[in-house]
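**Student:** Please read through the structure below; I'll follow up with questions.
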Amino acid sequence: MSILATTLEQYDEAARRLRLDPQLHEHLRRPKRALIVSVPVAMDSGEVEVFTGYRVQHNMTLGPSKGGVRYHPEVGLDEVTALSMLMTWKCALMGLPYGGAKGGVRCDPAKLSSGELERMTRRYTAEISLCIGPDRDIPAPDMGTNDQIMAWMMDTYSMQRGATTPGVVTSKPVLLGGSLGRVEATGRGVAMMAERGMAHLGRPVSGARIVVQGFGNVGAVAAHYLHAAGGRVVAVSDVSGGMYNAAGLDIPALQAEVQRGQPVTAVQAGAVVSNADLLTLPCDILIPAALGGQLTAANAGAVQAALIVEGANGPTTGEADRLLRERGVFIIPDVLANAGGVIVSYFEWVQDLQFFFWKEDEVNSRLRAILTHAFDRTLALSEQQGIDLRTAALMEAVGRIARATALRGLYP
Ligand code: NAD
């Protein structure tokens, strides 16, 4: 089942429960705009390679659209469309004045030199610059992109416009108008949600066994905070595979090795496991924080965790979601679990528009307030309606967009 099919199925279920007007239901199934661009890049070899890039804007009812840019070999229009829709729901659930968007370039960033990556990023930015901007659509990092890529995007847009425009992207280096706390925000939020989820299940985080798939911006930071809170992170992985140690891994030491460029599997910290086997290891908390579509009908029956916190976007297929729920696994869905990133991106954008910057503890305490309030509201709705957390989250988000659309009316 593709991530687009899963995302649409989840939306349809929320729309059905909300008894959404059928025409509005159909309207919100489609993105407002989808742009496909060709990105010719002068490679170090002297040849020109043409990459394909995308920017999909799903909805702008509540404000400019917001969403990451992914560099990955499997990026395609369906995936970017699904992720843009998820961003609409995520921003609405958090009460942010944004719609959803997503972008990406189909490439393997690990195989590109720094110069090739910069030229590709600049050309991609120039190609999508007709539809981005601080009051239109604001990109941010996602898989395969980082603060350096955002700095190049900001510079390209600013040079074209003739004025430095920090608010065009978020998660920039702090020196260029980035926000303190943004780099850690998604992983920090995932850890906060894991703590909230465990409290709901009446279990302590201290001593809990934790498995994390994907040791990048989201996964490594979530592992770091849960390790610091006394959790026992027994396994982590990256694209090379996973490392398992039932006694618990030394996460700060592992992070230091990975920052030096080592793959997780090259660090002598336990036994190497495959990414597939990692998902079914004995644990209390499972955090998928890499790709979509990782928990499927084929492996959901073997998952041993009591709590799943979706750090990645769309890691659970619809069938897996049903199977896991039937088995009593408590799932904190992506739109809630990984929303920390877009919340602090919103703070960054506000600071950029005002040229007035906040202290890190202010950023973190506001993040905690928004995220935990959203969790509590969603949990209350799910208990009141006897439904799962994902459906409750989408009902709240879709309901908000529906009310705003009705207030604005249909143009022209
Ligand atoms: P990242 O590029 O920093 O890290 C991704 C990690 O996943 C890396 O460790 C990589 O090696 C690993 N990986 C890649 N392919 C894999 C595979 N086939 N199997 C196992 N691991 C694999 O990316 P990130 O920013 O941490 O994003 C991870 C997920 O979190 C994505 O689904 C993204 O959409 C989602 N997300 C990110 C943010 C953010 O602020 N960065 C916000 C919300 C959601």
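The values are calculated or read from the model by the stated rules, or taken from the named source; none is laboratory data. This one's a predicted model, so the numbers in the text were calculated from it and none came from an experiment. Please note: Cβ atoms are built from the backbone with ideal geometry, for glycine as well, and neighbour counts cover all protein chains shown. The accessibility values were calculated without ligands, DNA or RNA, using every heavy atom of the protein model including side chains. Shrake-Rupley method; radii C 1.70, N 1.55, O 1.52, S 1.80 Å.
**Student:** Taking Cα pairs under 8 Å and at least six residues apart, what relative contact order does region 261-314 come out at, in percent?
**Tutor:** Value for region 261-314: 39 percent.
**Student:** For ASP284, what is the net charge nearby, where nearby means another residue's Cβ is under 15 Å from its Cβ and Lys, Arg count +1, Asp, Glu -1?
**Tutor:** Taking every Cβ under 15 Å from that of ASP284, the sum is +4.
**Student:** Which whole-number percentage describes the relative contact order of region 288-412, with Cα contacts under 8 Å and a sequence gap of 6 or more?
**Tutor:** It comes to 19 percent, rounded to a whole number.
**Student:** Moving on to the next point. What is the calculated FRET efficiency for ASN299 to GLU74, with r their C-beta to C-beta distance and R₀ = 25 Å, to the nearest 0.05? Can you show the working numbers first?
**Tutor:** On the way: r = 19 Å, r/R0 = 0.76.
Computed FRET efficiency for ASN299 and GLU74 comes out at 0.85.
**Student:** Ok, one more. Can you tell me how much longer the chain between LEU410 and THR164 gets when fully stretched, taken as 0.36 nm per residue apart minus their C-alpha distance, in nm with one decimal?
**Tutor:** Full extension from LEU410 to THR164 adds 85.0 nm.
**Student:** Mean Kyte-Doolittle of at least -1.0 plus a Cα span of 18 Å or more along the axis: flag which DSSP H helices in the chain meet both, please.
**Tutor:** 3-18, 77-94, 147-161, 182-201, 340-354, 360-385, 389-408
**Student:** Next question, about the same structure. What's the FRET efficiency of SER38 with ALA246 using the Cβ-Cβ distance as r and R₀ = 41 Å, to the nearest 0.05?
**Tutor:** 0.25
**Student:** Ok, one more. Report in % the part of the accessible area of region 224-339 that belongs to carbon and sulfur, leaving out ligands and nucleic acids; probe 1.4 Å.
**Tutor:** Numbers: 2210 of 4240 Å².
The C+S portion of the solvent-accessible surface of region 224-339 is 52 percent.
**Student:** Could you work out how far the C-alpha centroid of region 253-292 sits from that of region 179-211, in angstrom?
**Tutor:** Taking the Cα centre of each part, region 253-292 and region 179-211 sit 17 Å apart.
**Student:** Beyond 18 Å between alpha-carbons counts as too far, so tell me which of LYS32/LYS66; LYS66/LYS111; LYS66/LYS172; LYS102/LYS359; LYS90/LYS172 fall in that bin.
**Tutor:** Beyond 18 Å between Cα atoms: LYS66/LYS111; LYS102/LYS359; LYS90/LYS172.
**Student:** Find, among the trypsin sites (Lys or Arg not before Pro) in region 259-368, those assigned to loop by DSSP (not H, G, I, E, B) with at most 16 other beta-carbon atoms within 10 angstrom. Let's see the in-between values first.
**Tutor:** On the way: sites: ARG260, ARG322, ARG325, ARG327, LYS359, ARG366, ARG368; in loops: ARG260, ARG327, LYS359.
Filter output for region 259-368: ARG260, ARG327, LYS359.
**Student:** State log₁₀ I(q)/I(0) for the chain at q = 0.08, 0.11, 0.12 Å⁻¹ as given by the Debye formula over alpha-carbon point scatterers of equal weight, solvent excluded.
**Tutor:** -0.40, -0.78, -0.94
**Student:** May I pose another question? Tell me the mean residue ellipticity at 222 nm calculated for the chain from its helices only (DSSP H runs of n ≥ 4, each -39500 (n - 2.57), averaged over every residue, nearest 500).
**Tutor:** -15000 deg cm²/dmol
**Student:** Now, a different point. Under the rule of at least 5 residues apart or a separate chain, name every residue whose amide H is placed under 5 Å from the amide H of GLY67.
**Tutor:** ALA101, ILE138, ALA140
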